[in-house]
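Worksheet for the structure shown next.
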């Protein structure tokens, strides 16, 4: 019989479920080997009911991983009858089409047994900085991008399959780090499993499925109510994503169809998949479509199977957002991260207060760097950089934000201890935020030095860039202006972000992240706020006058109100004519 949960009990149990996943999440920070996981937090923990329906995910997770896992993990679980799982089984897989879209995202999945039967599954996806292969975005097929792991048993009834671990070890550059991170994944699943068993024992539950049905059902009802607030209609958008180097731009066509409490996003008319590494699998595209709807219309609704059900997606087989094997997919975020922004743009006229302008952290600015130390030991690291967040109708954009992905900053001290590189500077870039009634977030500059002399690595040091916004800056909305473009320099020369850059000892590498787009007419921005931006170094005196029509007194850096009103009246008259 189905258990009945009153509102108070349900809330207590829900909060306990969330704390269980967050405890597993915290274990990763204590046990992971790589800074990408420990510090940048590029991983996601979750668990499902016995039917593979996502029940809870970590509070701090990566939307691309989490959204793709919700679809992929369910398919993996239901692909094997429940009676075939055994206590102690642990599976490992990084098939991009089955899960999160590229080989670096490795999933470890474990059944949870209680009273001799599987009652749930726990899974975590880690972004492993090193998965072997050639790391550049100009790869032509997935075969070049690293080791491909189909669903395999890493542990069979509690017994380690050493051959699987050895196979991975011999295909990566930093085997101790990679295998250490895999063991961290196993540990995170163990924490989650143990805490779920404790909860079921405490609450005298024989199954989680009844509780899951209650939580998922309530979530679906709330998500449908949020969608029902969007006016019914068909909302098309056609966007452009830059090709790097001499590659063609990529056209994305999408149509958002809202009908009652159901929402569909159709990508008919989108360009076919391409012969370089920005192709996106269905799951990853869906993840950022879902991100757009969820974050815009009710960010407080729990994320589980119920939130997914009202949102559907269609995409032609073989298009760039639903690519076929063996397409190259390593840099899939260079296209996939734009899906959230494009759904926002499609819905801009219908719900202008629920969206933001283009962001400099879309896509995430990803740098993979590797080489050998002076004594021949290999080193390999990956950092993720944000740009300025797009402004909204209510707020300026945040600085240095990764959006719509999630991630944290890698501290200078960690980067310098993990690699031979030296961080010369990190700073905000003046005048990079798009002007508007609400200003776009400020972009940033990071300068690295490959040392010479004592402590210098063996040349060359290899850098791969997976990023964007080098050609087309983040757009503004409703009269807001674009943010600044991204830049990538080797010494003082522009470098190609589409391939591998080989650096000599003594080289200086500069990464500029784009600024966010502005929202609304810049001439409507409060002059006192513009003056504050000048004092903080976000906006220069010249751009305050040119972009905002605000005259700043140079000695006090305060706004001259009378002169500003005169200048703005002149600008508006010129615009009207």
Gyration tensor verdict on the chain (Cα atoms; rounded if a/c is under 1.5, prolate if a/b is larger than b/c, oblate otherwise): oblate
Stretch gain in nm, segment residue 222-residue 472, where the contour uses 0.36 nm per residue and the Cα spacing is subtracted: 86.3 nm
Estimated inter-spin distance, residue 572 and residue 80, nm [label 7 Å along Cα→Cβ]: 6.8 nm
Protection-proxy order for peptides 55-62, 180-187, each taking the mean of Cβ atoms within 10 Å per residue, highest first: 55-62, 180-187
Euclidean distance between Cα centres, region 469-505 to region 159-238, Å: 35 Å
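For region 435-491, rounded, prolate or oblate, judged on the Cα gyration tensor with a ≥ b ≥ c (square roots of eigenvalues), a/c < 1.5 rounded, else prolate if a/b > b/c?
Judged from the Cα gyration tensor, region 435-491 comes out prolate (a/c at least 1.5, a/b above b/c).
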Ranked by how many other beta carbons lie within 10 Å on average, peptides 413-426, 113-126 from highest: 113-126, 413-426
Rounded FRET efficiency, nearest 0.05, which uses the C-beta distance separating residue 116 from residue 51 and R0 of 25 Å: 0.85
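Return 324, 218 ranked ascending by Cβ neighbour count within 10 Å, so the fewest neighbours appear first.
324, 218
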Among 539-549, 441-451, 219-229, the order from most to least packed when residues are scored by Cβ within 10 Å on average: 441-451, 539-549, 219-229
266, 275 arranged by Cβ crowding within 10 Å, fewest neighbours leading: 275, 266
Extension gain (nm, one decimal) between residue 29 and residue 183, 0.36 nm per residue minus Cα-Cα: 54.2 nm
Dimensionless Rg over Rh [region 357-520; C-alpha; Kirkwood]: 1.04
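Read the figures in this text as sums done on the coordinates, not as results from a lab. What you see is a predicted model; the values in this text were computed from it and never measured. Ideal geometry is used to build each Cβ from the backbone, glycine not excepted, and the neighbour counts take in all protein chains shown.
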